[in-house]
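Working notes for the structure below.
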Amino acid sequence: MGSMIGVVSLVLVLSSAVQAQKYDCTPVNMDDFWTAVIWYHDGQAIDPSLGVATHDAGIWISSLPDYVKPGQVNLTEDGEVAFLLPEMNIGDLNAYYVEGDTIPVPPGKYQYVFLAVTSDNGNWPGSVDDWAPDVNPDTGEVYDPRYEVNCFKPIYEDGEGDWISIGIVQDWFWKTPEWVAPASGDYSEIVQQYLTYEGDPIGPFYLWDSYNQGNHDFGQYTYANGEDAFFTYYMDIPVGLKSATLWTEMWGNVKLSVSTDDVTYTELYNSATQDKVYTCRAGNPDGYQPNRELRDFDLTPFLSSGTVRAIYFKFEDAAPLNAIDQPNNPWGARCRQLGIFTGPTVISSVGARLWPGMGTISWGAPEGGLYLIRKQYRLDATRTLKALVMPNNTPQNDPYLIIFAITLANERTGIGNFMIY
């Protein structure tokens, strides 16, 4: 394999295509761990040197932006994080399928680790039966976390750290997933939050009521289509709370209403009367179109008495018969995330694009092309890190977690970027 530059903390001179680097990055050299061919030259169905067929997660090298150079340190599209990419020549192994390896890193004290990842053939860690933690459906208690298959572990000089859950990884996104976090970094400002699918054991536990409701695969969202279809989630409210903000990630023909007694509901949002956006991608009215975004709602009018102990959120199809004479109507209500916060929040990417619009050989590529994503995790900055233990793809079922690069980082600016998961 072609040689790579050594592992050093970097100050880079950037082209005009990216912004100034935010993090003080130490990319990890992974020369000894590449196990798969993922990057391909156009027209190469079989790697002639290795005899390896192109893969469902294959990416055309020609689709990389001009300023991204294989075998060198490159910044993400927002200029925040520097990753050391492998060489991407025919005959090179240039991605790592996680296999439980212990990967040494330059010893040091770091605040964060960034993973440049994607998933092969679906959402990782995959089906609940094969990958996800075993959860008691009645209590939400996790009784078998299955750390080795969905977490990584830092190894410090003075001993092992705790397992860190990687969370959901998709091999393609219709829209880069985001969520919010307390601007202060104080987690006590999170009243409650969860994802509305099986990837978060809290979510299904708080699904209060529904009719003609469904769950779109592991790692996706809850939905309801058609007349009378709905789903209702509720959240516990601590004693004395009088003011808070609801954040949602929802889309489609969605009507959202709120109640403190599950009897009288007040409409907060209605896409049919507010957005009036009915055109979505022809042939697939689902996906992340046309109005998927994070939205916030002031809950103070409902909590001002200080006596509310639970609050209910009801999602319905705002246009069950679709908009008359409008083509490509999106489906009904979709919701992926819910959260209540007591202070100012900031947007923090659950998975951020490295470089957008890359070409892929996958049949299911979205309109924007394949998105490699980066995921950020906090380390114990008081301890000296020396290695990372990767998860193990055992049993070897689809999907597979693919790692392209790992970077350790400390902040230059002192501004916290707190990740929720």
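Quick notes on this one:
- Segment 174-197, subset buried (at least 18 other Cβ atoms within 10 Å of the Cβ) and assigned to a loop (DSSP other than H, G, I, E, B), residue modelled with the highest pLDDT: THR196
- Where GLN220 falls short, out of the listed (1) crowded, with 19+ Cβ neighbours inside 10 Å; (2) modelled with pLDDT of 90 or more: (2)
- Among the residues of segment 69-85, the one identified as over 23 Å from the mean Cα position of the chain (by Cα) and aliphatic (A, V, I, L, M) is VAL73.
- Condition check for ARG383: within 21 Å of PHE152 (Cα to Cα), at pLDDT 70 or above, of a type outside the set (Asp, Glu) and over 20 Å from the mean Cα position of the chain (by Cα): yes
- Condition met for ARG412 (over 15 Å from the mean Cα position of the chain (by Cα), modelled with pLDDT under 80 and not hydroxyl-bearing (Ser, Thr, Tyr)): yes
- Count of segment 258-278 residues, restricted to those that are out of contact with any Pro (no Cβ under 6 Å at 6 or more places or on another chain) and more than 17 Å from ILE237 (Cβ to Cβ), is 10.
Results for (1) among the aliphatic types (A, V, I, L, M); (2) at pLDDT 90 or above, shown as yes or no for each residue.
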| residue | (1), (2) |
| --- | --- |
| GLY100 | no, yes |
| LYS109 | no, yes |
| VAL117 | yes, no |
| GLY122 | no, no |
| PRO137 | no, no |
| ASN150 | no, no |
| GLU160 | no, yes |
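- Residues that are acidic (Asp, Glu) and either touching a Cys at 6+ places or on another chain (Cβ under 8 Å) or at pLDDT 75 or above (or both) within segment 287-330 comprise GLU293, ASP296, ASP298, GLU316, ASP317, listed in sequence order.
- Identity of the residue in segment 90-103, crowded, with 16+ Cβ neighbours inside 10 Å and of a type outside the set (Val, Ile, Thr), that ends up nearest to TYR400 (Cα to Cα): TYR97
The values are calculated or read from the model by the stated rules, or taken from the named source; none is laboratory data. As the structure is a prediction and not an experimental result, all values here were calculated from the model. Because the Cβ atoms are built from the backbone with ideal geometry, glycine has one as well, and the counts that use them run over all protein chains shown.
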